[in-house]
Amino acid sequence: MKTYLMEVCAKGDEINIATEDVSWIEDVNCNSETDVKAIIPNFNKTLRPGERARVLLGITEMGVSTTAPHQWYKSYPVTISDSEGLYDRYKCKKCGITGKRFGLSDIITTDKKYQKPKYKYCTS
């Protein structure tokens, strides 16, 4: 059996996925990705009173690809100064997510739209 991460949300919330934090990650043990895809329809068929149907947003197999670190490069040549302070813009060479490095710190903070757990590691 393999371990998969599936991102899900309540039915109807998928239209707000880009602007709101309405999804969550569940880990499941299955033999194949096909088995993972069957979980949500089965859940929706057996809803209890008060439960909302769910929508599957994505599946990631746990393994080497989910634990690879991002390969950051400075994507804007000039240090930016605004209400957030002084920072440099960065982008991952492999998956394209963006982030900021404040001051002289080595830590790159991912942009708000990439704060979900699925973006913690590079998946490309």
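Laboratory data are not the source of any read-out in this text; all were calculated from the coordinates shown. Everything quoted here is computed from the prediction, not taken from an experiment. Positions of Cβ are backbone-derived with ideal geometry, glycine not excepted, and every protein chain shown enters the neighbour counts.
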Report task. For Lys91, go through the aspartates and glutamates and keep the ones whose alpha-carbon is under 13 Å away, minus same-chain ones fewer than eight residues off. Result -> Asp111
Query raised in the report: Cα-Cα over 30 Å: which of Lys11/Lys100; Lys2/Lys74; Lys45/Lys112; Lys2/Lys113; Lys2/Lys93; Lys2/Lys100?
Result: Lys11/Lys100; Lys2/Lys74; Lys45/Lys112; Lys2/Lys100
**Report entry** Amide proton proximity set for Tyr76, modelled H, under 5 Å, gap of 5+
**Finding:** Arg89
Query raised in the report: Which whole-number percent gives the relative contact order of the chain, counting Cα pairs below 8 Å spaced six or more residues apart?
Result: 22
Query raised in the report: Looking at the square roots a ≥ b ≥ c of the eigenvalues of the Cα gyration tensor of segment 2-62, which shape do they give, rounded for a/c under 1.5, prolate if a/b is larger than b/c, or oblate?
Result: oblate
Query - Computed label-point distance, nm, for sites Cys95 and Val78 using a 7 Å Cα→Cβ extension - result: 3.1
**Report entry** Point-to-point label distance, Tyr121-Thr3, nm (Cα→Cβ direction, 7 Å offset)
**Finding:** 0.9
Query raised in the report: Looking at the square roots a ≥ b ≥ c of the eigenvalues of the Cα gyration tensor of segment 41-124, which shape do they give, rounded for a/c under 1.5, prolate if a/b is larger than b/c, or oblate?
Result: prolate
